[in-house]
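The values are calculated or read from the model by the stated rules, or taken from the named source; none is laboratory data. All values reported here derive from a predicted model rather than from experimental measurement. So basically every Cβ, Gly included, is an ideal-geometry build from the backbone, and we count neighbours across all protein chains shown. Note: areas computed on protein heavy atoms with side chains; ligands, DNA, RNA excluded. Shrake-Rupley method; radii C 1.70, N 1.55, O 1.52, S 1.80 Å.
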Amino acid sequence: MTDDGDRAAAMLDEIAAVSEPGAGVTRLPFTAEHARALDIIRGWMEAAGLVVSLDAAGTLAGRLEGPPGAPTLLLGSHQDSVREGGRYDGIMGVLLPILAVEKLRERGIRLPFAVECLAFADEEGVRFPTALIGSRALAGRLDPAVLDMADADGVTLRAAMEGFGLDPEALPQAARDPGGMLGFLECHIEQGPVLQVENQALGVVTAICGIERHGVTLTGEAGHAGTIPMALRRDALAGAAEIIGEVERSARETDGLLGTVGALSVAPGVVNAVPGEVRMSVELRAPDDAVRETAGAAVHRFCGALAERRGLAVTARRDYAQPAIACDPQLTATLADAVKATGGAGLALPSGATHDASAMADLCPVTMLFVRCRDGISHNPAEYAAPADMGAAVAAIAGFIETLRPGQGA
Ligand code: HGY
Ligand code: MN
Ligand code: MN
């Protein structure tokens, strides 16, 4: 078990070096770093005996063929990271299933279905104001309008994909036939502290929360910080501060709601000028979609009233939403049994982070395996999962694949 974990740790070290400069890992979709990462992942897949292909959304797939007409079990996660993120979020869930499939092949196990290991280009939604590009394309749910969205440098998703050698017009062809899919297993670090507290290496996910993201722009008037009287100012940042306070208040006072303003840019952004323009993000999450949507609508109303009261122009646009989903009970029971076979309790817990599995639920039944991470730290260079825990995950994934039978999903 530990051998697999040590091997996984060494492979994750290798790919963590494929990053923009700076602290931790920054690997964004459709970049030079993404291309270098795909070369490494392709090598992992080929070494495991998988037949590798790249779809129109930049998802790398390594396939182990099954009997003619048999369905396909999908496994995988995302290659991208947040800015200055860790070395496990996403990519660990690309690697561990490849090692599990390799083990089964080496043991000569013949499966009654095909298996595909996937590495999605984008899950985080850090570069473009959308997310889950690869998994949505696979599920046939990628809205073509996202191709016109631009990154911070003004590069559209369409141009970025073309620059990466992909054909955005071929995106509809990336959609899979739901009838041919047995299910999707995503393995991921927990990104929270529960497994550490419960002294468990692994856990199974019951459900994944819903999420929405809004882009808010406030426009006032820039001016000299020493000459414009307070009563005459139209300060965009002072207005933004009210929105931040309102998002926090609403989330603190609403059961299950999480609210975050994580990105904010100020113009002109100098010490002696009244801020004239602010662009900010507002992100809301909840296990209950109605709670989240009600909160999102309330933020828009707050922005409208604020604009009037402060004499600002405020635009708020919801540019991304993903509903909450439930994991498939039968696949998850099979996964829990596989975790128990490794000596774990098969602890069940919900996910407050969203995942590729959120979008894959539109294609087929999904299940998720969580791996303990140190102190629950994630989206941070200090993210860490122990080799022994990753080894246990490889064993659980292999056990899941080996015991799964077509017809067991929903
Ligand atoms: O933001 C999320 O929940 C995920 O890590 N992308
Ligand atoms: Mn993440
Ligand atoms: Mn992730």
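Only a single item in (1) within 16 Å of ligand 3 (Cβ to nearest atom); (2) open to solvent by 10 Å² or more (accessible area, probe 1.4 Å) is not met by residue 33, and it is number (1). Does the stretch 116-123 contain any residue that is away from ligand 2 (no atom under 16 Å from the Cβ) and out of contact with any Pro (no Cβ under 8 Å at 6 or more places or on another chain)? Taking every residue of the stretch 116-123 in turn, at least one turns out to be away from ligand 2 (no atom under 16 Å from the Cβ) and out of contact with any Pro (no Cβ under 8 Å at 6 or more places or on another chain). Annotation: residue 353 fulfils all but one of (1) part of a loop (DSSP other than H, G, I, E, B); (2) surrounded by 24 or more Cβ atoms within 10 Å (Cβ to Cβ); the unmet one is (2).
When the stretch 376-389 is filtered for residues that are within 16 Å of ligand 2 (Cβ to nearest atom) and in a helix (DSSP H, G or I), only 376 remains. Residue count for the stretch 308-333 under the criterion of being open to solvent by 10 Å² or more (accessible area, probe 1.4 Å), assigned to a helix (DSSP H, G or I) and out of contact with any Lys or Arg (no Cβ under 9 Å at 6 or more places or on another chain): the result is 6. Restricting to the stretch 105-115, name every residue that is touching a residue at least 60 places away in the same chain (Cβ under 8 Å) and either within 12 Å of ligand 2 (Cβ to nearest atom) or open to solvent by less than 40 Å² (accessible area, probe 1.4 Å) (or both). Residues satisfying the conditions are 111, 113, 115. Within the stretch 92-114, the set of residues being in contact with a helix residue (DSSP H, G or I) (Cβ under 7 Å, 6 or more places away or on another chain) and within 16 Å of ligand 1 (Cβ to nearest atom) comprises 92, 94. Residues considered: 305, 336. Of these, the only one that is assigned to a helix (DSSP H, G or I), of a type in the set (Gly, Ala, Ser), open to solvent by less than 40 Å² (accessible area, probe 1.4 Å) and away from ligand 1 (no atom under 16 Å from the Cβ) is 336. Being in contact with a His (Cβ under 9 Å, 6 or more places away or on another chain) and under 23 Å from residue 118 (Cβ atoms) is a condition met by at least one residue of the stretch 310-333. Scanning the stretch 353-365 for any residue that is closer than 30 Å to residue 217 by Cβ and either away from ligand 3 (no atom under 16 Å from the Cβ) or acidic (Asp, Glu) (or both) turns up at least one such residue. Within the stretch 245-263, can one find any residue that is in a loop (DSSP other than H, G, I, E, B) and either open to solvent by 60 Å² or more (accessible area, probe 1.4 Å) or touching a residue at least 60 places away in the same chain (Cβ under 8 Å) (or both)? Yes, the conditions are met somewhere in the stretch 245-263.
Applying a threshold of 8 Å to beta carbon distances and a minimum spacing of six or more residues, or different chains, the list of pairs starting in the stretch 79-102 at a residue that is part of a helix (DSSP H, G or I) and ending at one that is within 9 Å of ligand 2 (Cβ to nearest atom) and not hydrophobic (A, V, I, L, M, F, W, C) reads 91/78; 91/81; 92/188; 93/78; 93/188; 94/78. In the stretch 83-109, which residues are more than 18 Å from residue 358 (Cα to Cα) and in contact with a Leu (Cβ under 9 Å, 6 or more places away or on another chain)? Correct list: 83, 87, 88, 95, 96, 97, 98, 100, 101, 102, 104, 105.
Among the conditions (1) free of Cβ contacts under 8 Å to residues at least 60 places away in the same chain; (2) in a loop (DSSP other than H, G, I, E, B); (3) under 24 Å from residue 371 (Cα atoms), the only one that residue 44 does not satisfy is (2).
Okay, residues lined up against (1) open to solvent by less than 30 Å² (accessible area, probe 1.4 Å); (2) β-branched (Val, Ile, Thr); (3) within 16 Å of ligand 1 (Cβ to nearest atom):
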residue: 71; (1), (2), (3): no, no, no
residue: 87; (1), (2), (3): no, no, yes
residue: 90; (1), (2), (3): yes, no, yes
residue: 145; (1), (2), (3): no, no, no
residue: 148; (1), (2), (3): no, no, no
residue: 151; (1), (2), (3): yes, no, no
residue: 166; (1), (2), (3): yes, no, no
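Looking across the stretch 179-192, just one residue is open to solvent by 30 Å² or more (accessible area, probe 1.4 Å) and either in the same structural domain as residue 240 (by TED's automatic domain parsing) or within 16 Å of ligand 2 (Cβ to nearest atom) (or both), and that is 191.
Annotation: residue 53 fulfils all but one of (1) more than 16 Å from ligand 1 (Cβ to nearest atom); (2) in a strand (DSSP E or B); (3) buried (at least 16 other Cβ atoms within 10 Å of the Cβ); the unmet one is (3). Got at least one residue in the stretch 193-201 being modelled with pLDDT under 95 and surrounded by fewer than 21 Cβ atoms within 10 Å (Cβ to Cβ)? Looking through the stretch 193-201, none of the residues is modelled with pLDDT under 95 and surrounded by fewer than 21 Cβ atoms within 10 Å (Cβ to Cβ). Within the stretch 340-358, residues that are within 30 Å of residue 121 (Cβ to Cβ) sit with their Cβ atoms under 6 Å from residues that are within 16 Å of ligand 2 (Cβ to nearest atom) and open to solvent by 20 Å² or more (accessible area, probe 1.4 Å), at 6+ positions apart or across chains, in these pairs: 353/191.
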